[in-house]
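Read the figures in this text as sums done on the coordinates, not as results from a lab. Just so it is clear, the structure is predicted and the values come from calculations on it, not from any experiment. Heads up, the Cβs are rebuilt from the backbone with ideal geometry, glycines too, and the neighbour counts pull from every protein chain shown.
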Amino acid sequence: MLKSKENVAAYIFPNPPNQEAVEWAGTPIGKSNTITKTKSRTVVYDKTIDEKPGRLEELLDLITGYLAVEGKHQEIFLHDVIVHGIRVRAITNSKHLAEFWRENWYSVEEWEKITETKAPEKPQIRVYALGGIKGEPEAAYYSRQAHTVIFFNTSYYGQLKSWVLGAVGRVLAHEYGIHSIHGACVEKNKKGVLYIAPTGTGKSTSSYGLMEFPGTRFHSDDWVYIRYAYTSKTGEKISPVKIETKNHEIVKGFRCYKWIEEHPHEKAALHGLTLKNQPVVKEVSDLDLSKPMEAYAYLSEKVFYLRCNLVESFPQSAYSILQTHLENVPDVLPQFYEENKDTLENNLKTIRSSKIEFIKTYFEKQSDDKIKETLARLFAFDNARAMLDITKVFEKNQLFTNPMEPTRLTSIMLLKRNFNEDLVIETLPLGKFMERLLIGETPTGKREVAYNAYRAVDEKVEFDFINRIEAESKSGKKSLYELFSEAAHVPITLTEEFELFRVMHQSCACYDLNTVLQKDKAIPDRRTAVETTMKVIAKAMEAKDSKLHYTISDYRNFIKE
């Protein structure tokens with residue numbers, strides 16, 4: 001039995017059929033409702049197995065032995081997908097994982113048809129997700145050298161998806177200079193806004209909320225790929241991939257940007273990609289460096305894996321969510337209804353008053369109590385998930401559906417929810433922007449570098465380094481970012497990540513957005529706070545003032561300008 005924030009019984013999950021089960025059917029809702037034994041990150045996880053001689057071979061031997069024996073008596077699913085041009089193969093005995101995997105990503109055939117580009121012939125990353133491995137804990141492992149992700153005895157899709165994205169991100173940054181971001185993106189009037197945020201600060205809410213404005217297109221809900229482009233002297237947009245100097249030096253991926261800054265007139269060969277992913281070869285001296293860098297966002301998912309609690313702020317989304325396969329939607333206990341009766345009543349009214357015909361038709365024969373039960377189940381447990389086909393939520397002209405169609409990013413919003421601050425929005429200079437991402441503090445005080453708990457990195461090494469320079473910065477002699485920039489022996493994964501964030505800051509206006517408008521006494525409820533926050537975001541996207549700073553006491557002056 002699980003507890004609510006008020007520490008009383010709130011919701012429960014059906015019991016597993018046996019102790020060995022890693023997934024089982026939950027109380028019906030939507031197309032299906034799979035309950036997974038592990039409902040968040042596994043307690044056992046290791047992204048450093050390359051440093052342990054023989055460990056990868058040991059894990060692969062376990063897999064080979066299991067498939068040779070048990071694989072003869074059960075269905076094994078193998079499916080290749082393309083994630084931003086990288087071919088990824090998943091092998092699993094979990095029907096739930098296989099189903100979500102196929103829905104979530106573009107198959108090879110879909111990728112080639114939609115993008116009109118040829119997919120790689122062989123997988124560059126492999127994923128094994130197997131339940132029933134006796135003697136092994138619920139665990140996750142990653143090998144950077146072998147580009148391999150391994151899961152034992154867990155079928156929670158959220159961790160599998162995130163670790164795969166982390167593995168793909170390492171390849172893209174190192175080989176192509178492409179930035180992988182745990183964030184959400186919406187385009188408004190041909191300008192893209194990217195939200196980077198820890199869980200619980202309003203990333204998805206801000207994305208869907210901005211769609212209430214005219215001229216918007218929905219881009220990404222959870223993960224975005226960003227290419228930073230130079231403009232050539234002939235007007236082409238080019239993202240650098242590799243530089244070959246006269247001395248036969250090879251500079252690849254994320255290292256290209258700094259090299260170009262330091263050698264602006266060099267006649268070195270620049271191998272790059274156009275915005276349509278076509279290869280191009282120029283000389284570095286062909287770039288027009290008087291023009292600013294530009295950032296372009298590309299979507300990652302075909303179907304969005306998102307939190308069902310979206311219905312708390314956007315109750316009409318319940319219809320679309322109920323057409324999907326679901327994960328870990330619980331049964332709700334009486335106390336939860338009592339605690340949330342006002343929210344449920346207001347959301348019921350929203351559904352009953354909907355002018356959207358298919359929503360009216362779907363719910364009209366259901367009793368008020370049945371609708372409230374459905375809504376409560378969807379937002380009671382924060383980690384209940386849906387595999388949502390966004391084309392069933394918005395019209396086709398409101399969506400990006402081609403994974404190689406870019407949107408030009410102009411605004412970056414680092415979201416936070418700190419009720420101890422009166423700040424609503426401010427422009428971030430480079431140092432503050434980088435420090436916020438280095439520390440990455442969530443509302444609960446947990447640290448997540450770049451607000452991404454699933455980067456494919458050695459977290460201990462990174463945090464030890466950050467903690468050391470953070471302690472040194474408290475002397476006041478140098479800022480955290482100055483110490484980071486000057487430090488020797490920075491972990492390569494931090495160098496990689498923050499070089500790309502540095503280029504992001506050059507390419508976009510970057511803001512701190514504090515989602516705390518419920519502090520405003522003129523705001524009657526959470527929904528109004530969300531709607532007003534959307535006005536702040538929309539105004540910032542059009543702002544001509546490069547140095548914004550507004551608080552609870554004066555932000556209304558900003559949105560009324």
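Pull up the DSSP beta bridges for the range 407-560 and report the antiparallel fraction as a percent, rounded to 5.
Close to 55 percent.
Taking other Cβ within 10 Å of each residue's Cβ, how do Arg89, Arg468 sort, fewest first?
Arg468, Arg89
If you rank Ile133, Ile178 by fewest surrounding Cβ atoms within 10 Å, what's the result?
Fewest-to-most ranking of Ile133, Ile178: Ile133, Ile178.
How large is log10 I(q)/I(0) at q = 0.08, 0.09 Å⁻¹ when the Debye formula is applied to the Cα atoms of the chain, each weighted equally and without solvent?
-0.56, -0.72
Return the aspartates and glutamates within reach of Lys355: Cα separation strictly under 13 angstrom, same-chain partners fewer than 8 residues apart disregarded; answer none if there are no such residues.
Glu364
Can you pull out the chymotrypsin sites (Phe, Trp or Tyr not before Pro) in the range 368-423 that DSSP calls coil and that have at most 15 other Cβ atoms within 10 Å?
The qualifying sites are Phe394, Phe419.
Among DSSP beta bridges lying fully in the chain, give the percent that are antiparallel, nearest 5.
Around 70 percent of the beta bridges assigned by DSSP in the chain are antiparallel ones.
If each residue of separation counts as 0.36 nm, what is the full-extension length gain between Asn247 and Ile76 once their alpha-carbon separation is subtracted?
Length gained, Asn247 through Ile76: 56.5 nm.
So which aspartates and glutamates pass the test for Lys478, namely a Cα distance under 18 Å, with those fewer than 8 places away in the same chain ruled out?
Glu435, Glu470, Glu486
If I stretch the segment between Ala471 and Lys360 completely, what's the gain in nm (0.36 nm per residue apart, minus their alpha carbon distance), one decimal?
34.2 nm
Where does the chain land at 222 nm, in deg cm²/dmol rounded to the nearest 500, when only DSSP H runs of n ≥ 4 count, each adding -39500 (n - 2.57), divided by all residues?
-9500 deg cm²/dmol
Once a ≥ b ≥ c are taken as the square roots of the eigenvalues of the Cα gyration tensor of the range 360-468, is the result rounded (a/c under 1.5), prolate (a/b larger than b/c) or oblate (a/b not larger than b/c)?
The shape class here is prolate.
Round to the nearest 0.05 the FRET efficiency obtained for Asp286 and Asn15 when R0 = 60 Å and r is the Cβ-Cβ distance.
0.35
How many nm is it between the label spots at Ala522 and Arg55, if each spot is 7 Å from the Cα in line with the beta carbon?
5.6
Label the range 447-561 by shape, choosing from rounded, prolate and oblate, from the square roots a ≥ b ≥ c of the eigenvalues of the Cα gyration tensor; if a/c is under 1.5 it is rounded, and otherwise prolate applies when a/b is larger than b/c, oblate when it is not.
Verdict is prolate for the range 447-561.
Lys pairs in the range 44-176, Cα-Cα under 22 Å, at least 8 apart or on separate chains: how many?
Value for the range 44-176: 8.
Report, in listed order, any pair from Lys188/Lys547; Lys190/Lys474; Lys31/Lys191; Lys416/Lys460 with a Cα-Cα distance greater than 31 Å.
Lys190/Lys474; Lys31/Lys191
Take every DSSP beta bridge whose two residues both sit in the range 44-176, then give the antiparallel share in percent to the nearest 5.
50
On a C-alpha basis, how far is the centre of the range 402-461 from the centre of the range 158-199 in Å? Whole number, if you could?
Cα centroid of the range 402-461 versus Cα centroid of the range 158-199: 12 Å apart.
What spacing in nm lies between the two simple spin-label points modelled at Phe419 and Ser107, each 7 Å away from Cα in the Cβ direction?
In this crude spin-label approximation the distance works out to 4.9 nm.
Taking the Cα centre of each part, how many Å lie between the range 219-287 and the range 13-35?
The two parts, judged by their Cα centres, are 49 Å apart.
For Glu262 and Thr234, calculate 0.36 nm times their separation in residues minus their Cα-Cα distance, and state this gained length in nm to one decimal.
Length gained between Glu262 and Thr234: 7.9 nm.
If neighbour count is taken as other Cβ atoms inside 10 Å, put Trp259, Trp111 in order from fewest to most.
Ordered by Cβ neighbours within 10 Å, fewest first: Trp259, Trp111.
In nm, to one decimal, how far is the modelled label at Thr401 from the one at Lys547, with both set 7 Å along Cα→Cβ?
4.7
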